[in-house]
């Protein structure tokens, strides 16, 4: 694994950002918490944590982060969304067949289906086989979405639960329905760090 030259940012408006930061620091990666537009200029890549997608979206607008973050991602900054963060990356968001009118980054050509596996009491864990990662990965799902690429989408589906995509990637953008930060397994954080290093040309 190559450590990025600049820090990795963790969006720290709401949700499990501390867990992501600890996971990165265990890998030796420098990190900063991102709350303001000027914080974005200091980072090589950004993780958007799980939490409540509507709340995080509103806070992105309130703190004037939504458009700067979108611009940086479109310009090539690696971005990883977990659960709520993944929802915010989608171009289309639904729940129970209903279109959701909520703030989003509108980056990935997919539909994020909120609470697709059920509410909090239907949270579960599963062992996944993930393309590009050796061995199985024990994943934690909490109010998790499906991530359904559009029919003509160029995105890679790296793993599924049954028929449903739960880890997708398009170039420097990736999204997971599950929470790698809630496990002691560093492989998906390492996967993202390698993505950042490639974007830096190293």
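No value in this document is a laboratory result; all are computed from the given coordinates. Just so it is clear, the model here is predicted, and its values are computed rather than measured.
Results, tabulated for the structure shown:
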item: Cα-only Debye scattering, segment 67-115: base-10 log of I(q)/I(0) at q = 0.21, 0.27, 0.32 Å⁻¹; result: -0.68, -1.02, -1.29
item: Pairs of Cα atoms farther than 29 Å apart, the chain, %; result: 14
item: Antiparallel content of DSSP bridges confined to segment 8-199, in %, to 5; result: 55
item: Mean separation of Cα contacts under 8 Å (6+ apart) over length of the chain, as relative contact order %; result: 20
item: Relative contact order of segment 101-198, pairs being alpha-carbon contacts under 8 Å that are 6 or more residues apart, as %; result: 24
item: Cα Rg over Rh - segment 31-112, Kirkwood; result: 0.95
item: P(r), alpha carbons of segment 86-202 - 5 Å bins starting at zero, rounded %; result: 2, 11, 21, 24, 21, 14, 5, 2, 0
